[in-house]
Amino acid sequence: MKSEVLSRFDMPSLPLIALILFVVVFIGYTWWTLKPSRKSYFEDASKLPFEDDKSKN
Amino acid sequence: MSSTHSQNSSLTRRLETFSYDDQIVRWFVIATVIWGAVALLLGTTIAFQLAYWKVNGLGDLPWITFGRLRPLHTNAAIFAFCGNAIFAGIYYSTQRLLKTRLFSDALSRIHFWGWQLIIVAAALTLPFGFTQGKEYAELEWPIDIAIAGIWVVFAINFFGTLKVRRERHIYVAIWFYIATIITVAVLHIFNSLSLPVDFLKSYSVYAGVQDALVQWWYGHNAVAFFLTTPFLGLMYYFVPKAANRPVYSYRLSIIHFWSLVFIYIWAGPHHLLYTSLPEWAQTVGMVFSVSLWAPSWGGMINGLLTLRGVWNKVRTDPVLKLMATAVTFYGMSTFEGPLLSIKSVNAIAHYTDWIPGHVHAGTIGWNYMLTAGVLYFLVTKLWRTEIYSKKLAETQFWLATIGLVLYITSMWAAAFTQSAMWRAIDETGKLVYPNFIETVVKIVPMYWVRAFGGTFVFISFIIMMYNLYMTAKKGSVVDGEKLEAYALDESSIEKNAKPHRKLEGLTLVFSVLSLLAILVGSMIELIPTIMSYNYVIQKAEVKPYTPLEILGRDIYVREGCYTCHSQTIRPMAHEVLRYGKPSEAFEFIYDHPFQWGSKRTGPDLHRVGGKYPDMWHYRHMWDPREVVQGSIMPRYKWLFNSKINYNTLPKKLEVMATFGVPYSPEELQNGVALAEAQAKTITEGLVKSGAPSDVGNKEIVALIAYLQRLGTDYGRIK
């Protein structure tokens with residue numbers, strides 16, 4: 001009975017599509033983040049929380 | 001950043017004066033503390049109710065039974081306590097990270113009062129049984145609309161602040177806030193879609209499997225985007241602030257962000273493993289849930305390594321200590337979560353008390369501890385003073401930790417006991433413990449331990465309350481301090497900036513990207529399942545509920561029976577032996593909303609129909625201990641006094657018919673008469689077995705009608 005119902009909307013390809021999609025996106029933003037040219041920018045960005053102390057004159 | 005800009009173009013830049021709106025942060029801080037105490041008091045109360053049933057029924061008052069207080073506890077903890085904490089932290093850090101005052105003082109105040117009113121509305125409706133019957137989304141439709149409205153106010157205020165900022169670059173904490181705001185709106189709106197019957201009653205537009213999937217897509221992402229991403233944003237701001245050193249790896253924080261946002265949205269189906277949810281959706285849910293482990297630990301490691309070099313301070317500074325503990329528990333629960341999503345582990349753990357244990361490792365360990373750290377930080381900053389007593393904070397820390405450990409370990413012990421007993425089958429193929437109650441009485445001692453653990457956590461919170469109050473009292477409030485920063489205009493972009501660095505500043509693009517990330521997952525998972533409604537094989541024998549059963553079902557929803565009972569049988573030998581045929585998707589197509597539940601404090605009820613005579617249920621609901629020695633189920637004596645409300649029945653049937661439930665014109669016209677006739681039949685039987693003759697128009701009859709119908713169309717137990 002169960003398989004009878006499930007056979008109608010079993011979509012084995014969907015998990016695969018989802019996974020491929022994720023891998024592509026993951027490689028994309030990881031590459032974007034790890035590019036050496038961005039190093040100095042990230043170093044600056046990580047100091048942002050401490051700027052409010054400086055902006056007080 | 002601004003210093004580099006000013007070197008580039010200091011001549012052309014305009015210096016502006018502004019001040020922070022710290023009053024609104026103080027208000028949210030106070031609200032956090034008050035609602036936190038309420039949420040924990042409720043939690044402790046319901047913990048004692050499970051240990052000792054009499055705590056349910058002081059004078060048999062309906063509004064303080066477990067089934068009604070548990071939703072109030074979860075809503076208070078998530079939306080009142082964590083909600084206010086998030087708003088306080090977001091408003092404090094955003095102003096400072098963006099060097100600007102919040103966009104609109106008026107919107108901030110509407111946001112504040114609107115949210116508090118929503119909480120009050122929740123407290124005034126849930127105990128009285130006004131509920132949509134979906135976990136963590138119980139609030140009825142007018143309150144849902146108010147939530148959506150206030151959320152929009154928050155969003156406008158937040159994005160407006162981004163617009164008027166004086167810092168081009170957007171720190172990673174703000175990314176987490178953006179994702180939170182967008183995703184929570186999407187989740188809340190889609191899960192709450194319902195059609196009203198009257199002002200305080202509505203039915204979910206989804207039914208059965210569809211409703212289950214939408215609900216757990218929402219439910220899991222309430223954890224993800226209400227209890228995780230905003231708190232991670234707070235972690236990425238407040239931990240560096242408190243430690244006075246930048247986050248260990250900013251790059252890791254970005255990978256952490258995108259991975260979480262992208263993966264979390266898929267994870268919902270791990271709540272529905274082995275149910276009649278389509279197999280592929282279960283697989284997606286499991287795979288993505290297990291993958292969540294990696295980014296979560298990346299985040300934990302990033303948080304903990306930020307503290308490298310200040311470990312000696314962690315020992316003495318309560319703020320750092322609470323935060324370090326919070327991050328550790330974040331690591332623990334994000335390890336446990338993926339583990340529980342593995343199908344074979346889930347088979348053992350699902351429906352047991354392991355799940356509340358897991359949830360509280362997250363909410364107490366991560367959310368409460370982090371909030372406590374942030375609150376000490378905020379109160380000392382906003383009232384410009386030192387912590388009143390580090391010693392009290394230390395006591396709070398230990399009480400909370402010990403309480404939580406008691407909670408977690410007692411629930412593990414309870415879960416292993418339950419699970420082993422539920423599953424035990426002897427050599428002849430029979431259940432070793434066929435009576436569910438045997439498995440209940442075994443774990444009652446663990447419920448006591450949990451209740452005392454919860455009490456410790458509650459007391460720790462009261463200590464913090466006092467400590468914060470005394471801190472604020474000795475401090476003082478200074479508002480409107482003038483600050484200066486350069487305006488953000490053309491001149492503030494570095495001349496040689498690369499395009500992607502400009503992109504950083506484009507909050508719109510960024511928001512769209514995060515929206516896409518969550519929509520892609522949601523669509524792929526939800527749409528096929530929603531659509532598959534049309535393909536579920538309709539079985540002729542599965543019929544809509546009769547009018548009286550609809551009324552009985554509404555009582556079931558109102559009393560929150562789903563907080564202790566599941567209604568879906570998994571295809572496993574021991575479940576089939578205990579409960580009957582595995583549940584099938586087509587059996588639930590008229591269930592608006594679904595009532596599958598998530599925990600088996602009591603037995604599954606999907607096929608309870610016909611298992612006992614009417615009189616058994618009658619006596620059981622009057623006092624479960626009359627028929628089942630040692631039961632911890634509350635009694636429901638008011639069902640024997642309050643009359644069945646037939647007034648809204650025609651409208652209820654009409655709404656169901658709108659959803660496509662095939663009621664005949666006769667049923668729609670004469671619903672009340674049909675219901676009364678069915679009630680009369682049941683009453684005659686009850687009276688013959690000794691019930692008083694005036695029982696006929698009482699709610700208990702409708703509830704019995706519903707219970708006796710459950711699961712019988714397709715899989716009646718023989």
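The values are calculated or read from the model by the stated rules, or taken from the named source; none is laboratory data. Computed from a predicted structure; not experimentally measured. All Cβ positions, glycine included, derive from the backbone under ideal geometry; neighbour counts span all protein chains shown. To get the accessible areas, we keep the full protein, side chains included, count just its heavy atoms, and leave off ligands, DNA and RNA. Shrake-Rupley method; radii C 1.70, N 1.55, O 1.52, S 1.80 Å.
Just wondering, is there one or more residues in region B:243-259 that are more than 12 Å from chain A (Cβ to nearest Cβ) and assigned to a helix (DSSP H, G or I)?
There is no residue in region B:243-259 that is more than 12 Å from chain A (Cβ to nearest Cβ) and assigned to a helix (DSSP H, G or I).
If B:Ile265 meets every condition in (1) open to solvent by 10 Å² or more (accessible area, probe 1.4 Å); (2) under 23 Å from the mean Cα position of the chain (by Cα) apart from one, which number is that one?
(1)
I'd like to verify a number: residues in region B:550-575 that are within 24 Å of B:Leu126 (Cβ to Cβ) and assigned to a helix (DSSP H, G or I), how many?
Count: 12.
Go through (1) more than 14 Å from chain A (Cβ to nearest Cβ); (2) among the aromatic types (Phe, Trp, Tyr); (3) more than 20 Å from the chain's Cα centre (by Cα) for B:Trp175 and report which single condition fails.
The one condition B:Trp175 does not meet is (1).
Given the residues B:Ile178, B:Ile174, B:Ile150, which is the only one that is β-branched (Val, Ile, Thr) and within 16 Å of B:Phe112 (Cα to Cα)?
Among B:Ile178, B:Ile174, B:Ile150, only B:Ile150 is β-branched (Val, Ile, Thr) and within 16 Å of B:Phe112 (Cα to Cα).
Between residues in region B:506-525 that are within 11 Å of chain A (Cβ to nearest Cβ) and over 13 Å from B:Phe262 (Cα atoms) and residues that are open to solvent by 40 Å² or more (accessible area, probe 1.4 Å) and acidic (Asp, Glu), which pairs lie under 8 Å by C-beta distance while being six or more apart or on different chains?
none
Please find, among B:Leu370, B:Leu378, B:Leu399, the residue that is open to solvent by 10 Å² or more (accessible area, probe 1.4 Å), modelled with pLDDT of 95 or more and not β-branched (Val, Ile, Thr).
Step by step, each of B:Leu370, B:Leu378, B:Leu399 is checked, and only B:Leu399 is open to solvent by 10 Å² or more (accessible area, probe 1.4 Å), modelled with pLDDT of 95 or more and not β-branched (Val, Ile, Thr).
For B:Ser583, are the conditions met, namely being in contact (Cβ under 8 Å) with a residue 60 or more places away in the chain, hydroxyl-bearing (Ser, Thr, Tyr) and within 19 Å of B:Arg716 (Cβ to Cβ)?
yes
Quick one: which of B:Thr100, B:Thr131 is within 14 Å of another protein chain (Cβ to nearest Cβ) and outside any helix (DSSP H, G or I)?
B:Thr100
Which residue, of B:Leu488, B:Leu508, B:Leu483, B:Leu503, is at pLDDT 80 or above and closer than 30 Å to A:Asp44 by Cα?
Result: B:Leu483 is the single residue among B:Leu488, B:Leu508, B:Leu483, B:Leu503 that is at pLDDT 80 or above and closer than 30 Å to A:Asp44 by Cα.
Of the residues B:Leu69, B:Leu50, B:Leu41, which single one is surrounded by fewer than 22 Cβ atoms within 10 Å (Cβ to Cβ) and within 22 Å of B:Pro127 (Cα to Cα)?
Going through B:Leu69, B:Leu50, B:Leu41 in turn, just one is surrounded by fewer than 22 Cβ atoms within 10 Å (Cβ to Cβ) and within 22 Å of B:Pro127 (Cα to Cα): B:Leu41.
Out of everything in region B:274-293 that is more than 19 Å from the chain's Cα centre (by Cα), more than 14 Å from A:Leu16 (Cα to Cα) and open to solvent by less than 10 Å² (accessible area, probe 1.4 Å), what residue ends up being modelled with the lowest pLDDT?
B:Pro278
Name the single residue, out of those in region B:138-161 being crowded, with 21+ Cβ neighbours inside 10 Å and closer than 28 Å to B:Arg251 by Cβ, that is nearest to the other protein chains (Cβ to nearest Cβ).
This residue is B:Thr161.
Report, ordered by the first and then the second residue, all pairs with beta carbons closer than 7 Å, sequence separation of six or more or different chains, a first member in region B:250-278 that is assigned by TED's automatic domain parsing to the domain that holds B:Val172, and a second member that is of a type in the set (D, E, K, R) and open to solvent by less than 20 Å² (accessible area, probe 1.4 Å).
Close Cβ pairs satisfying both conditions: B:Trp266/B:Glu525; B:Tyr274/B:Arg570; B:Thr275/B:Arg570; B:Ser276/B:Glu584.
Here's the yes/no breakdown for (1) more than 18 Å from the chain's Cα centre (by Cα); (2) of a type in the set (Lys, Arg); (3) surrounded by fewer than 24 Cβ atoms within 10 Å (Cβ to Cβ):
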position	(1), (2), (3)
B:Ala185	no, no, yes
B:Phe199	yes, no, yes
B:Gly219	no, no, yes
B:Val239	yes, no, no
B:Pro246	yes, no, yes
B:Ile254	yes, no, yes
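Only one of these conditions is not met by B:Lys321: (1) part of a helix (DSSP H, G or I); (2) within 14 Å of chain A (Cβ to nearest Cβ); (3) charged (D, E, K, R). Which number is it?
Among (1) part of a helix (DSSP H, G or I); (2) within 14 Å of chain A (Cβ to nearest Cβ); (3) charged (D, E, K, R), the lone unmet condition for B:Lys321 is (2).
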